[in-house]
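Participant: This is the structure I want to talk about, given as structure tokens.
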Amino acid sequence: MQIREARIAVVPCAVALALLAGCGDDDKGSGTPTSSSVPPSSHAPSSSATPTTPMTTTAAPTTTRGPVSGPVDPAQYRQQMGYYFQSPTGSFLCAILDQPIDDNAQVGCQGPTTPAPADLQDCWSKSPMASTLTVGKRSGALCLNQGVFVGAPIDGGSRGGGRVLPYGGMLTVGPFTCDSAESGVTCTNNTTGAGFKIAREANRTF
């Protein structure tokens, strides 16, 4: 299993992204940490299909939804360029995009996680929200300087991220499913079996 790196630069716009210090159980690590050996990528994904949300710091959400079990209605998470959600503590901001930004990045979560792959340690250390795991045809790790997988503010608020996907909730769009659990967020390509799991103290791709 190899983690694939890409460094994406996109033009900022007005929507603010949250940089959080999550406080719930989804901050706990689980699973196998990502490998420390990441081959560099020579393919830079196009920015034409990516949301362009600047990465700034705002307050954490004041409320979280209670636990649910099973599928949620994708229409509740729909925004202009995909389906956006955040973990109950707001630690991870995620999306299933309408169009991939490259073969390994149609679904992704941004948020503070360790350990960083060897080739991404410098980037991930500069901004926790630059730490990103993705899946498309395959899974990988990215360094992002924009909120590519971050939705616009909702319910009249100023904090980006999209609606909360409660613990036990499953968001499925096309071949992709993302599950929210106290141990972290897992997103999978149901066709290829590729995916990732992200938590504050652990992350892995498969």
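FYI, it's all coordinate maths here, none of it is from the lab. Not measured: the values here are computed from a predicted model. Backbone-built Cβ (ideal geometry, glycine too); neighbour counts: all protein chains shown.
Participant: I'd like to verify a number: residues in the stretch 159-206 that are in contact with a Phe, Trp or Tyr (Cβ under 7 Å, 6 or more places away or on another chain), small (Gly, Ala, Ser) and either part of a strand (DSSP E or B) or within 18 Å of Thr114 (Cα to Cα) (or both), how many?
Facilitator: Residues in the stretch 159-206 being in contact with a Phe, Trp or Tyr (Cβ under 7 Å, 6 or more places away or on another chain), small (Gly, Ala, Ser) and either part of a strand (DSSP E or B) or within 18 Å of Thr114 (Cα to Cα) (or both): 3 in total.
Participant: Could you check how many residues of the stretch 73-89 are surrounded by 24 or more Cβ atoms within 10 Å (Cβ to Cβ) and assigned to a loop (DSSP other than H, G, I, E, B)?
Facilitator: Looking only at that region, the number is 2.
Participant: Right, here's the next one. Name the single residue, out of those in the stretch 113-166 being of a type in the set (S, T, N, Q) and crowded, with 21+ Cβ neighbours inside 10 Å, that is farthest from Thr205 (Cα to Cα).
Facilitator: Among residues in the stretch 113-166 that are of a type in the set (S, T, N, Q) and crowded, with 21+ Cβ neighbours inside 10 Å, the one farthest from Thr205 (Cα to Cα) is Gln146.
Conditions (1) in contact with a helix residue (DSSP H, G or I) (Cβ under 9 Å, 6 or more places away or on another chain); (2) more than 12 Å from Ser87 (Cα to Cα), marked per residue:
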site: Ala141; (1), (2): yes, yes
site: Asp155; (1), (2): no, yes
site: Gly160; (1), (2): no, yes
site: Arg163; (1), (2): yes, no
site: Ser183; (1), (2): yes, no
site: Cys187; (1), (2): no, yes
site: Thr191; (1), (2): no, yes
site: Gly195; (1), (2): no, yes
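Participant: To continue, here is another question. Got at least one residue in the stretch 147-159 being within 16 Å of Pro100 (Cβ to Cβ) and either without any contact (Cβ under 8 Å) to a residue 40 or more places away in the chain or not β-branched (Val, Ile, Thr) (or both)?
Facilitator: Looking through the stretch 147-159, at least one residue is within 16 Å of Pro100 (Cβ to Cβ) and either without any contact (Cβ under 8 Å) to a residue 40 or more places away in the chain or not β-branched (Val, Ile, Thr) (or both).
Participant: Moving on to the next point. Tell me, which residue of the stretch 143-153 that is of a type outside the set (Phe, Trp, Tyr) and not in a strand (DSSP E or B) is farthest from Gly174 (Cα to Cα)?
Facilitator: The qualifying residue farthest from Gly174 (Cα to Cα) is Asn145.
Participant: Related question: Does Gly156 satisfy being part of a loop (DSSP other than H, G, I, E, B), more than 15 Å from the chain's Cα centre (by Cα) and not polar (S, T, N, Q)?
Facilitator: It is true that Gly156 is part of a loop (DSSP other than H, G, I, E, B), more than 15 Å from the chain's Cα centre (by Cα) and not polar (S, T, N, Q).
Participant: Check whether at least one residue in the stretch 120-142 is of a type in the set (D, E, K, R) and in a strand (DSSP E or B), and report yes or no.
Facilitator: No, there is no match, as no residue in the stretch 120-142 is of a type in the set (D, E, K, R) and in a strand (DSSP E or B).
Participant: Cβ-Cβ under 9 Å, sequence separation 6+ or interchain: first residue in the stretch 86-103 and farther than 15 Å from Leu133 by Cβ and without any contact (Cβ under 8 Å) to a residue 60 or more places away in the chain, partner outside any loop (DSSP other than H, G, I, E, B) and hydroxyl-bearing (Ser, Thr, Tyr). Which pairs?
Facilitator: Qualifying pairs under 9 Å: Asp98/Tyr83.
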